[in-house]
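Reviewing the structure listed below.
The values are calculated or read from the model by the stated rules, or taken from the named source; none is laboratory data. These figures come from a predicted structure and were not determined experimentally. Neighbour counts run over all protein chains shown; Cβ positions are idealised from the backbone, glycine included. Ligands, DNA and RNA are excluded from the accessible area calculation, which covers all protein heavy atoms including side chains. Shrake-Rupley method; radii C 1.70, N 1.55, O 1.52, S 1.80 Å.
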Amino acid sequence: MPAASSDLRKELNGAEEDGPEHDARIFGEVTDLFLSNVGRLGDSQIAAVDGVLAHLIARVEAATVIQLSEALAGIDRAPRQTIRQLAFHEQPQVAAPVLRSSSCLSEADLLEIVKSRSQQHLLAICDRKTLNEALTDALMRFGDVNISNALARNTGARFSECGYATLVGRAERDEGLAEKLGVRLDIPGSLLRELIGKVADVVRARFLTAPRPVVRGKTQGSAAAAGQGGAARKAIDYTQAQSEVVALNRTGKLNDSIVNRFAVRGEYTHVVAALALKADVKVEAIEPLLEPDRVYGLIVACKAARLSWSTTTMIVRNRPNCPPSTDRELEQCVAVFESLLLSVAQWTIRFGSDRILAKKNEPAAAPTAGKKVSQPA
């Protein structure tokens, strides 16, 4: 691109002239020239742009620099020194775009920023798509409660054992943090047990019966469709299954082994009907728990129904249109099952049932949104 190269050299040669208006004009023109030709610039040309922009960042208005930060944040071949200056800028509005998204910042850069800049800078780093253990450890060491919540919300953040333990400790005094941690896919089972034991009944019930993120694999197909809001599932008539389950219950035959057999045979209308009857909630509240993102709620329902862990595992493993459970998910499910007393599980599933049914009938339920739920003794 000879013409562009010639224009670029002319602009760069004049960039050292004095005057704020000239600085702003050169800054804008060089920025535009870079952005319109970034795919065709060579390393030496990018280095030349870098020298000019990095030199002028401190000499132009913040609003203009913010625009540059937003423009460069998603460009892999962005000028490196310019990116660093933007990231280290004292005004978080300038730094935030590149801190959130730029791939040109090294781990060392980010760690230095964590140790030397404001909480707003740290919050921006928390929004990066991926964060390794060294970064999350540093962020928790230097960050406040908002940092902990932002990290817990970021599914791409990875935590050391110490980092996770720190978050769980803080969650005892922070309901929002507890709920975010409770639905994370990577929380170790041992720390999930600790979290379940630390938090208030209502907080525990919220995250155990709430939807969780679901890992989408290449072979999930229908499972992915089924997990998107429940609309993909066809309406099921449970009338016959309920009648049969009630009849079994009257004769004392609705036991653990019968429910296990339902699960093994894939008779999930009967599984749902049995769980609803034994946990004393409506079928409409149990049915959504078969979705991939509701496995904790399903575990709670099984515990409330007095089922064994063996039968509970069979129900989880054979759910229709669900991907196989990972080892980590099963570890978490064991933690949930073993951490809950029967009375707590029964109260939790009723609490979750009320929320699920209220969600289904939201317009009609709105006037009674303030209804309180009694907690277990």
* Asked: Which pairs in the list K234/K303; K180/K303; K253/K278; K282/K359 are over 21 Å apart, alpha-carbon to alpha-carbon?
  -> K234/K303; K180/K303
* Label point 7 Å out from E133 along Cα-to-Cβ: which residues of segment 156-178 have amide N under 20 Å? -> 156-170
* Asked: Dipole of the chain, Cα-centred, from +1 at each Lys and Arg C-beta and -1 at each Asp and Glu C-beta, to the nearest 20 debye?
  -> 2180 debye
* What residue among T166, A358, F34 has its Cα farthest toward the positive end of the dipole of the chain, where the charges are +1 on Lys, Arg and -1 on Asp, Glu, each on the Cβ? -> A358
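Could you sort L248, L341 by their accessible area in this structure, using a 1.4 Å probe and putting the largest first? Don't jump to the answer; show the numbers that get you there.
Working: L248 45, L341 120 Å².
From most exposed to least exposed: L341, L248.
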* Structure fact -> When the chain is treated as a Gaussian network with springs between alpha carbons less than 10 Å apart, the largest mean-square fluctuation among G28, G42, G297 is found at G42
* Asked: Hey, got the Cα dimensions of segment 252-358 along the principal axes, in Å, largest first?
  -> 31, 29, 24
* Å² of accessible area per residue within the chain, as computed with a 1.4 Å probe and no ligands counted -> 49 Å²
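Counting other Cβ atoms within 10 Å, keep those with at most 14, restrict to DSSP loop, and tell me which trypsin sites (Lys or Arg not before Pro) in segment 38-116 are left.
Details: sites: R40, R59, R77, R80, R84, R100, K115; in loops: R77.
For trypsin sites (Lys or Arg not before Pro) across segment 38-116 that sit outside H, G, I, E and B with at most 14 neighbouring Cβ atoms in 10 Å, the list reads R77.
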* Given charges at Cβ of Lys, Arg, Asp, Glu: the chain dipole, positive-most of S148, P211, A54 -> P211
* Packing-wise, with mean Cβ within 10 Å as the measure, how do 319-332, 343-356 rank, highest first? -> 343-356, 319-332
* Asked: Say each of E244 and S103 gets a label point 7 Å from the Cα, pointing the same way as Cα to Cβ; how far apart are those two points in nm?
  -> 5.4 nm
* When the accessible area of the chain is split by element with a 1.4 Å probe, what percent falls to carbon and sulfur? -> 50 percent
* **Taking the chain and dividing mean pair separation by its residue count, relative contact order in percent (alpha carbons under 8 Å, at least six apart)** => 11 percent
* Sparsely packed GluC sites (Glu not before Pro) within segment 29-116, loop by DSSP, other Cβ within 10 Å at most 13 -> E61, E90
* Structure fact -> Of L111, L181, L41, the most mobile residue in a GNM of the chain (C-alpha springs, cutoff 10 Å) is L41
* To do: Provide the solvent-accessible area of T251, counting protein heavy atoms only and rolling a 1.4 Å probe, rounded to the nearest 10 Å².
  => 90 Å²
* For helix 161-171, report the angle its Cα long axis makes with the longest principal axis of the Cα atoms of the chain; keep it between 0 and 90° and round to the nearest 10°. => 70 degrees
* Given the options V60, V334, V114, state which has the largest fluctuation in a GNM of the chain using a 10 Å cut-off (strictly under) for Cα springs. => V60
* Using amide H atoms built 1.01 Å from N in the peptide plane, name the residues 5+ places from A157, or on other chains, whose amide H lies under 5 Å from its own. => L131
* With all protein chains present, calculate the accessible area of H55 using a 1.4 Å probe and round the result to the nearest 10 Å². => 80 Å²
* Under Karplus coefficients 6.51, -1.76 and 1.60, residue-wise ³J(HN,Hα) of segment 102-108 in Hz, glycine/proline x -> 5, 8, 8, 8, 7, 4, 4
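Once you sort the root eigenvalues of the Cα gyration tensor of the chain as a ≥ b ≥ c, which label holds: rounded (a/c under 1.5), prolate (a/b larger than b/c) or oblate (the other case)? Present the calculation step by step, with values, prior to reporting the outcome.
Working: a/c = 3.14, a/b = 2.54, b/c = 1.24.
It is prolate, given that a/c is not under 1.5 and a/b is the larger ratio.
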